[in-house]
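Here's the structure we're looking at; comments come further down.
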Amino acid sequence: MRFVDEVKGFLFDLDGVLWLGDQPIPGVAEVLRRLRAADKKLMFVSNTSSRSKAKCLEVFERMGMAVQPDEVFVASECAARYIAAKRPGAVTYVLGSPGLFDEAVRAGLDARDPSTRQPDRADFVLVGKDNDLTFTRLTCALRALKAGAEFIAVNCDPTVPVADGLEPGAGAVAAAISVMVGRDPDVVVGKPGTLLLEMALKSSGLSASECAIVGDTPESDIAAGNALGMRTVLVLTGNSDGNSPDGSCEFPDALKPDHIIESVLDLMP
Ligand SMILES: [Mg+2]
């Protein structure tokens, strides 16, 4: 692929790009090694709200892919760090998994369990994929937001694929809350929001125009890359068959990838 020569940094989505479920795409580890040997900076950007960064690093290890912790950007961790940078020690109700709660604690936030109908005054409500969602937890979020807290969504994925089918994603929980409070999240950290990618770029020292994002989902990976003016590369190993999400051949501009390749292996044939 000629464009590879022009790119200094690659941001890779994970599921559907480097692996499928619990199976690595054969040959990916070698491609990553060769990109490094060609002096490319590698970054890995995951929308996950349910896994902590530590758990994500365990998956890389299990898949036989050598990555450094500072190359991995997980939306759960980035959301917690974003809040901590805005207000250190912020009182934050966390509707999400134990992994998300852990990240909030690690970022030094005053993380609170939302299992109360009478929340304290809070600075933020942080929303991820909440497998323990209850009426009480929704009530807590509603009241904390109405009392002035900021509304941060880890991502807006409506569903998440798991071993036995689909489950509601962070976006479904955020949407339920949006309906109650009459507004969208103040910030969506993960793709198609741009904060996750911006944090990766900042840490790499590269600009968006020097980088390419490689993803399998036009509505998230490609949309986020296009919004930042990054080169965008769609692979067909995951969510997309190469057609627009509405089934037509023409992608709308915001979702249109600069390049379509069969798999990551085509980056280094
Ligand atoms: Mg993906």
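What follows is calculated from the coordinates using simple rules that are stated; it is not laboratory data. The model shown is predicted, which means the values in this text are computed figures rather than measured ones. Every residue, glycine as well, gets a Cβ built from its backbone with ideal geometry; the counts of neighbours run over all protein chains shown.
Assuming a ≥ b ≥ c are the square roots of the Cα gyration tensor eigenvalues, decide whether the stretch 113-194 counts as rounded (a/c under 1.5), prolate (otherwise, with a/b larger than b/c) or oblate. Intermediate values should be presented prior to the final figure.
Working: a/c = 2.28, a/b = 1.41, b/c = 1.62.
The shape class here is oblate.
In whole Hz, with x marking every Gly and Pro, tabulate ³J(HN,Hα) for the stretch 168-185 from phi via Karplus 6.51 cos²θ - 1.76 cosθ + 1.60, θ = phi - 60°.
Using θ = phi - 60°, the values come out as x, x, 4, x, 5, 5, 4, 5, 4, 6, 4, 4, 5, 9, x, 8, 6, x Hz.
In terms of the Cα gyration tensor, with a ≥ b ≥ c the square roots of its eigenvalues, is the stretch 1-152 rounded because a/c is under 1.5, prolate because a/b exceeds b/c, or oblate?
Details: a/c = 3.06, a/b = 2.28, b/c = 1.34.
It comes out prolate by the Cα gyration axes.
Compare 49, 97, 203 in a GNM of the chain, Cα atoms joined below 10 Å, and give the one with the largest fluctuation.
Comparing 49, 97, 203 in a Gaussian network model of the chain, the most mobile one is 203.
Please report the Cα spread of the chain along all three principal axes, rounded to whole Å, starting with the longest.
Dimensions of the chain along the principal axes of its Cα atoms: 58, 39, 35 Å.
In the chain, how many lysine pairs have Cα atoms under 22 Å apart, counting only pairs 8 or more places apart or on different chains?
22
Just report the Cα centroid separation between the stretch 198-219 and the stretch 120-140, whole Å.
30
Of all GluC sites (Glu not before Pro) in the stretch 184-269, which ones are in loop regions per DSSP and have a Cβ with at most 10 other Cβ atoms within 10 Å? Please report the intermediate quantities before stating the final value.
On the way: sites: 198, 210, 219, 250, 262; in loops: 250, 262.
Of the GluC sites (Glu not before Pro), the ones in loops of the stretch 184-269 whose Cβ has at most 10 other Cβ atoms within 10 Å are 250, 262.
Counting other Cβ atoms within 10 Å, keep those with at most 12, restrict to DSSP loop, and tell me which trypsin sites (Lys or Arg not before Pro) in the stretch 154-253 are left. List each step's numbers first, then the result.
Values: sites: 183, 202, 231; in loops: 183.
Taking the stretch 154-253 and a limit of 12 other Cβ atoms within 10 Å, the loop trypsin sites (Lys or Arg not before Pro) found are 183.
So, counting K/R as plus one and D/E as minus one, what does the shell of residues with Cβ under 11 Å around residue 125 add up to?
Values: positive: 112, 137, 143, 146; negative: 123, 150, 186.
Net charge around residue 125: +1.
Distance between Cα centroids, the stretch 239-258 to the stretch 30-70: provide it in whole Å.
Cα centroid of the stretch 239-258 versus Cα centroid of the stretch 30-70: 27 Å apart.
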